[in-house]
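Structure record follows, encoded as structure tokens.
The values are calculated or read from the model by the stated rules, or taken from the named source; none is laboratory data. In this text, all values refer to a predicted model and were calculated from it rather than measured experimentally. Note: ideal-geometry Cβ built from the backbone for every residue, glycine included; neighbour counts use all protein chains shown. Ligands, DNA and RNA are excluded from the accessible area calculation, which covers all protein heavy atoms including side chains. Shrake-Rupley method; radii C 1.70, N 1.55, O 1.52, S 1.80 Å.
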Amino acid sequence: MFFKELKRLSKIKKSSLCVGLDDPNPHQRVERMCSLIDQTEQYSICYKLNPAFYHGNSDHIKSITNYLNEKNILWIYDGKVGDVPHTNKEYAKYIYDDLGASAMTAHPFLGYDSLTHLIHKNKGLFILARTTNPHAYEIQNQVQSHIYRWCYNSLNLGLVVAGNKEAVLHEIRRQLPNTWFLSPG
């Protein structure tokens, strides 16, 4: 299970670092990202790859994810997936089966039933809860109690919580003391 492995690695490495591989510069990107992985592997418990930075370069995504998979390194597909259930089933096939991701990010706005095809026994799913953009709270406040309940009742769910909103982080941590957070910003 993804979150058990994160916990194990966190204890061994005395770290909770997740390194982002979001690189908009396609020139020698694969070599640069593989070098970054090699340089940070002893400190990082996982990596995060946002496909938005790789549009038009699917061979780059495949090369980098193959490198991570060959080294048996945990990594998160940070695509913020979210669609109707049958479409999410196809996303899960691509992200988990074709790319070999250890986890992914998803948005919750189509309800829990839309997420069920993204929740796998041995994979992790991070649900968007709080983002860094200023007006996100207008929508996110309306759904937070549902998201927190889902996470509280599941061992396979984590949350994306903005790292630059310290008070929000503390409040969510108080409510969900055992949930893993992916905290950009």
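Restricting to the stretch 132-156, count the residues that are polar (S, T, N, Q), surrounded by 14 or more Cβ atoms within 10 Å (Cβ to Cβ) and either at pLDDT 90 or above or farther than 21 Å from P184 by Cα (or both).
Residues in the stretch 132-156 being polar (S, T, N, Q), surrounded by 14 or more Cβ atoms within 10 Å (Cβ to Cβ) and either at pLDDT 90 or above or farther than 21 Å from P184 by Cα (or both): 3 in total.
Counting only residues that are modelled with pLDDT under 95 and at negative phi, how many does the stretch 90-114 have?
7
Could you check, for the stretch 131-144, whether at least one of its residues is more than 16 Å from the chain's Cα centre (by Cα), among the acidic types (D, E), outside any loop (DSSP other than H, G, I, E, B) and under 27 Å from K4 (Cβ atoms)?
No, there is no match, as no residue in the stretch 131-144 is more than 16 Å from the chain's Cα centre (by Cα), among the acidic types (D, E), outside any loop (DSSP other than H, G, I, E, B) and under 27 Å from K4 (Cβ atoms).
Being touching a strand residue (DSSP E or B) at 6+ places or on another chain (Cβ under 8 Å) and open to solvent by 10 Å² or more (accessible area, probe 1.4 Å) is the filter here; which residues of the stretch 109-128 pass it?
Selection gives I119, K123, L128.
Go through the stretch 1-90 and tell me which strands (runs of 3 or more DSSP E), entirely inside it, have 3 or more residues that are surrounded by 18 or more Cβ atoms within 10 Å (Cβ to Cβ) and in contact with a Leu (Cβ under 7 Å, 6 or more places away or on another chain).
The qualifying strands (runs of 3 or more DSSP E) are 44-49, 75-81.
State whether one or more residues within the stretch 33-41 are acidic (D, E), farther than 24 Å from V161 by Cα and over 19 Å from the mean Cα position of the chain (by Cα).
yes
For a quick check of your reading of the model, give me the residue pairs whose first member lies in the stretch 70-93 and is closer than 22 Å to I37 by Cβ, whose second is among the hydrophobic types (A, V, I, L, M, F, W, C) and open to solvent by 50 Å² or more (accessible area, probe 1.4 Å), with beta-carbon atoms closer than 8 Å and at least 6 apart or on different chains.
Sorted first by the residue in the stretch 70-93, then by its partner, the pairs are G79/A52.
Looking only at the stretch 96-108, which residues are surrounded by 18 or more Cβ atoms within 10 Å (Cβ to Cβ) and farther than 25 Å from R149 by Cβ?
L99, A101
R173 - would you say it is basic (K, R) and surrounded by fewer than 19 Cβ atoms within 10 Å (Cβ to Cβ)?
yes
Looking at this structure, is K165 modelled with pLDDT of 95 or more and among the basic types (K, R)?
For K165, the condition - modelled with pLDDT of 95 or more and among the basic types (K, R) - is not met.
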